[in-house]
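Enquirer: The structure's right below; bear with me while I get my questions together.
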Amino acid sequence: MLSIYLTKKVIILDLCKDLTVFLTGQFGGGFNFFSFSLRSSKNRYNYTTFANANNKIRPTMTKIALITGITGQDGAYLADYLINKGYIVHGLKRRSSLFNTERIDHLYQDPQESNRRLILHYGDMTDSLNLTRIIGETQPDEIYNLAAMSHVQVSFETPEYTADANGIGTLRILEAVRLLGLTKKTRIYQASTSELYGLVQEIPQKETTPFYPRSPYAVAKMYAYWITVNYREAYGMHASNGILFNHESPLRGETFVTRKVTRGVAKIALGLQSALFMGNLSAQRDWGHAKDYVKAMHLILQQDKPDNYVIATGVTSTIRDFIRMAFSEIGVSIEFRGKGVDEKGVISSIDEKIFNAAVGEKHFIDLKKRIGEQVISIDPKYFRPTEVDLLVGDSTKAKTKLGWKPEYDLPALVKDMMQSDVKLMKKELYLKEGGF
Ligand code: NAP
Ligand code: F7E
């Protein structure tokens, strides 16, 4: 029986019990598109036809991506990016006692909605049966394996779990694709890391630099790196490693150093916190913006051949520098005095105009009283048993082969994070003042 539903954007034709056709389109301006999808009780096929102003028609099939770690920083930016490119995105999320989808809530669509672009599945990297079922059901064109226990220091406390989720978890994905007969269809992106370089053997680090991992996290990621290469070589799979250097954003987890600093500085500015306790301030990192880095992940899977790519800015700075830059974004100058565990950061001056514009006049008087006071201290509990002292990447290969170029430099990243955290902490202050 044929029934027709009209909504603002979609025409839905229920051809029979098992077959539905969705028609969507956008016309006008210089660019038109028309797409239709067929959904049977078992499968869904999506087709999109683009026509430009000259009416040259280029039909393309809507791609399906599966993102593990979709609730994390990178997963959220990548899901947004792919949905805007017309993908249907499936995401693996862990069951938790509280909602853990805050970073992707703006993309969420109820399961009852038709023609969904984002579909979430419960799962875990330690559960092969679950991963195999989800990959079988979703038949992805691209898998982005971003799920991991991603905190280096925590990996010293949970080494076995880290090896399982980060190392064997990657094997589970690769093997599921192979067993399901998807080796020719499904391309795989593995979230490899600059932590592989650890005790660096070369400066800057590039694709050919030998690895020397320095944490259970990095050792697990080393297994994941090589098993990805092995499946590529053994079974001809389109499986690639993105060796990404540190990338941050307003969505960065609160216990990574950059976010800890931007949140802390915003709280100190608003009088919500008096000081920040830090670990090794001399470590050097090559920090980029996560928004730029997820574009590289996508580009890597669009290449004819799978490969390994370093994604980095090529600029390295100390944690101390990052702290200075975060304070300076709100007009506060910090002077570091002393060495080792006795090092401290003291407010040396405040630019009233910059502070008032960034934070607000009403908070200036209180912070001004703190000039000369200590706001940064060292707590050795943040020192790691083995540290990665210096990372700086050479992403020439990505720039030349992928055409990848980051838009954000470090000052632009710090500005984005500080603006976001000042706004967030103002909300916190408002709630606190309201008695919550
Ligand atoms: P993140 O914010 O910590 O996100 C990690 C994601 O993995 C979260 O969605 C988390 O779920 C999920 N996850 C953790 N353990 C899992 C498990 N056992 N099963 C299923 N999901 C699990 O990390 P990120 O910064 O977005 O990084 C993404 C990936 O890139 C990670 O693999 C990381 O190791 C790697 N990487 C990151 C950087 C960087 O600088 N950000 C650099 C190089 C490589 P919950 O939300 O439930 O915790
Ligand atoms: O530490 C030092 C710390 O935790 C950076 C992950 O995304 O990037 C990340 O790993 C540096 C280290 O990131 C504190 O000792 C000082 O030298 O922000 P982090 P990470 O360890 O570099 C890589 C590329 C990944 O793959 C990982 O998944 O900062 N540091 N004081 C501190 N670090 C923290 N967390 N907290 C401090 O108080």
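Throughout, read-outs are computed from the coordinates displayed, never taken from laboratory work. Since the model is a prediction, treat every value here as computed from it, not as a measurement. Because the Cβ atoms are built from the backbone with ideal geometry, glycine has one as well, and the counts that use them run over all protein chains shown.
Enquirer: Report the net charge of residues surrounding D292, where surrounding means a beta-carbon distance below 9 angstrom and charges are Lys +1, Arg +1, Asp -1, Glu -1.
Expert: +2
Enquirer: Run the reach check for K353 against lysines, Cα to Cα strictly under 21 Å, same-chain hits fewer than 8 apart removed. What comes back?
Expert: Straight-line reach from K353, under 21 Å: K267, K362, K368, K369, K415, K423, K426.
Enquirer: Here is a further query. Using a Gaussian network model of the chain whose springs link C-alpha atoms within less than 10 Å, name the residue from F99, F322, F277 with the highest mean-square fluctuation.
Expert: F99
Enquirer: Provide the per-residue ³J(HN,Hα) series for the range 304-310, in order, calculated from phi with Karplus coefficients 6.51, -1.76, 1.60 and θ = phi - 60°, each as a whole number of Hz, with x at glycine and proline positions.
Expert: 4, 10, x, 6, 10, 9, 7
Enquirer: Where the only charges are on Cβ atoms (+1 Lys, Arg; -1 Asp, Glu), what is the dipole of the range 251-387 about its Cα centre, to the nearest 20 debye?
Expert: Roughly 280 debye for the range 251-387.
Enquirer: Hey, another quick one. So what are the three principal axis dimensions of the chain from its Cα atoms, in whole Å, longest to shortest?
Expert: That gives 78, 50, 47 Å along the principal axes, largest extent first.
Enquirer: So which residue, out of L390, L270, L180, gets the largest mean-square fluctuation from a GNM of the chain using Cα contacts under 10 Å as springs?
Expert: L180
Enquirer: Contact order normalised by length for the range 321-416, with contacts defined as Cα pairs under 8 Å and 6 or more residues apart; what percent is it?
Expert: Normalised by residue count, the contact order of the range 321-416 is 26 percent.
Enquirer: Right, here's the next one. Set the Förster radius R0 to 41 Å, insert the Cβ-Cβ distance between K353 and Y81 as r into 1/(1 + (r/R0)^6), and round the FRET efficiency to 0.05.
Expert: 0.65
Enquirer: What's the angle, to the nearest 10 degrees (0 to 90), between helix 257-269's Cα axis and the longest principal axis of the chain?
Expert: Helix 257-269 sits roughly 60 degrees off the main axis of the chain.
Enquirer: With the dipole of the chain worked out from charges on the C-beta (+1 for Lys and Arg, -1 for Asp and Glu) around the Cα centre, which of Q419, I135, P210 lies farthest toward the positive end?
Expert: I135
Enquirer: Quick check: the angle from helix 290-301's long axis to the longest principal axis of the chain, C-alpha only, nearest 10 degrees?
Expert: 40
Enquirer: Work out the length of the dipole vector of the range 309-413 about its Cα centre, built from +1 on the beta-carbon of each Lys and Arg and -1 on the beta-carbon of each Asp and Glu, and round it to the nearest 20 debye.
Expert: Dipole about the Cα centre, nearest 20: 180 debye.
Enquirer: Further question on the same structure: Tally Lys and Arg at +1 and Asp and Glu at -1 over the other residues with C-beta under 10 Å from the C-beta of Q109: what net charge comes out?
Expert: It works out to a net charge of 0.
Enquirer: Relative to the longest principal axis of the chain, what angle (0 to 90°, nearest 10) does the C-alpha long axis of helix 319-328 take?
Expert: Roughly 90 degrees, rounded to the nearest 10.
Enquirer: Extension gain Q273-E202, at 0.36 nm per residue separation less the Cα-Cα distance, in nm?
Expert: 21.5 nm
Enquirer: Sticking with this one: Which percentage, to the nearest 5, of the DSSP beta bridges contained in the chain is antiparallel?
Expert: Taking every DSSP beta bridge with both residues in the chain, the antiparallel ones total about 55 percent.
Enquirer: Let me ask you something else. Let me know the charge dipole size of the chain about its Cα centre in debye, to the nearest 20, where only the beta-carbon of Lys, Arg (+1) and Asp, Glu (-1) is charged.
Expert: Dipole about the Cα centre, nearest 20: 1040 debye.
Enquirer: Select from the range 272-371 those trypsin sites (Lys or Arg not before Pro) which occupy a DSSP coil region and have at most 10 other Cβ atoms within 10 Å, ordered by residue number.
Expert: K339, K369
Enquirer: Hey, what did the chain get for relative contact order, percent, Cα under 8 Å, at least 6 apart?
Expert: Relative contact order comes out at 13 percent.
Enquirer: Let me ask something else. Report the label-to-label distance for Y108 and D366 in nanometres (one decimal), using points 7 Å from each Cα along the Cα→Cβ vector.
Expert: Here the answer is 3.2 nm between the modelled labels.
Enquirer: Using Cβ contacts closer than 10 Å as the measure, can you line up S128, S333 from fewest to most?
Expert: So the residues, fewest neighbours to most, are S333, S128.
Enquirer: Taking a cut-off of 20 Å between Cα atoms, list the aspartates and glutamates near K63, but don't count ones fewer than 8 places away on the same chain.
Expert: D74, D80, E113, E137, D141, E142, D304
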